[in-house]
1. Restricting to region 76-91, what's the tally of residues that are outside any helix (DSSP H, G or I) and over 15 Å from residue 150 (Cβ atoms)?
2. Please enumerate the residues belonging to region 132-148 that are farther than 16 Å from residue 96 by Cα, free of Cβ contacts under 8 Å to residues at least 12 places away in the same chain and assigned to a helix (DSSP H, G or I).
3. May I ask you to list the residues in region 37-94 that are open to solvent by less than 50 Å² (accessible area, probe 1.4 Å), under 29 Å from residue 175 (Cβ atoms) and free of Cβ contacts under 8 Å to residues at least 24 places away in the same chain?
4. Considering region 95-141 alone, what residues qualify as being open to solvent by 30 Å² or more (accessible area, probe 1.4 Å) and among the β-branched types (Val, Ile, Thr)?
5. Residues of region 79-95 being under 11 Å from the mean Cα position of the chain (by Cα) and closer than 17 Å to residue 125 by Cα, which ones?
6. So residue 165 fits all but one of (1) open to solvent by 10 Å² or more (accessible area, probe 1.4 Å); (2) more than 22 Å from residue 28 (Cβ to Cβ); what number is the exception?
7. Would a scan of region 172-180 turn up a residue that is charged (D, E, K, R) and more than 25 Å from residue 45 (Cβ to Cβ)?
8. Scan region 92-131 for residues that are within 18 Å of residue 36 (Cα to Cα) and part of a loop (DSSP other than H, G, I, E, B) and jot them down.
Amino acid sequence: SSDLRNLSKVQFYGSIITMILDYLETKRIIHRDLKPDNLIIDSDGYLKAIDFGIAKDITGADFTSSLIGTCHYMAPEISLGKSYSFAVDYWSMGVILYEIFYGKVPFGFGYTDPVKIYKEIQENNPLLASDEKNEKINDLLRGLLNKNPKKRIHSYAKIKSHSFYEGFDFESIMKNESKAP
């Protein structure tokens, strides 16, 4: 079924994005514009993050507050003008994984007006299929798309230990040994 194909895609690409974000955090960098356009697939089928044009180095600080990014992928705390940190990239990752799985962005689908998109991001919850076989992916998506950055899943350790990744081999991805979907 297409769901199963998408589940393995979400696991594969999600694991790579997680490793990218974990690496960036060790370098104290928030990407701030994580979206499909800024992820390229190399010849092995692995993702590489590109376009660090608006990335922010927060060495010496714990957060920043500039309103910047691409509307559909922007965490609510950014559009609200609040200070924010690494958790914003995990929100964007949640949007990307939702899009891989459900075939569209979770908020503001079909909208081009930033105000309408921000309003949806701030007021709505993502629509998730309520069947049992998608419970683990939906739980991960709810965790990544939590409007409260403190409660949002925003670490490699939390994602790696999430039930969606039960039995998943992160090591083989890190060593480029897994076959891309």
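The values are calculated or read from the model by the stated rules, or taken from the named source; none is laboratory data. Here the structure is a predicted model, which is why all the values come from computation and not from measurement. A quick note on method: Cβ atoms are made from the backbone with ideal geometry, for glycine too, and the neighbour counts reach across all protein chains shown. Surface accessibility is based on the protein's heavy atoms, side chains included, excluding ligands, DNA and RNA. Shrake-Rupley method; radii C 1.70, N 1.55, O 1.52, S 1.80 Å.
1. 1
2. Of everything in region 132-148, those that are farther than 16 Å from residue 96 by Cα, free of Cβ contacts under 8 Å to residues at least 12 places away in the same chain and assigned to a helix (DSSP H, G or I) turn out to be 132, 135.
3. Hits for region 37-94 are 38, 42.
4. 100, 112, 115
5. Residues satisfying the conditions are 88, 90, 91, 92, 93, 94, 95.
6. It is condition (1) that residue 165 fails.
7. no
8. Within region 92-131, 103, 104, 105, 106, 107, 108, 109, 110, 111, 112 meet the criteria.
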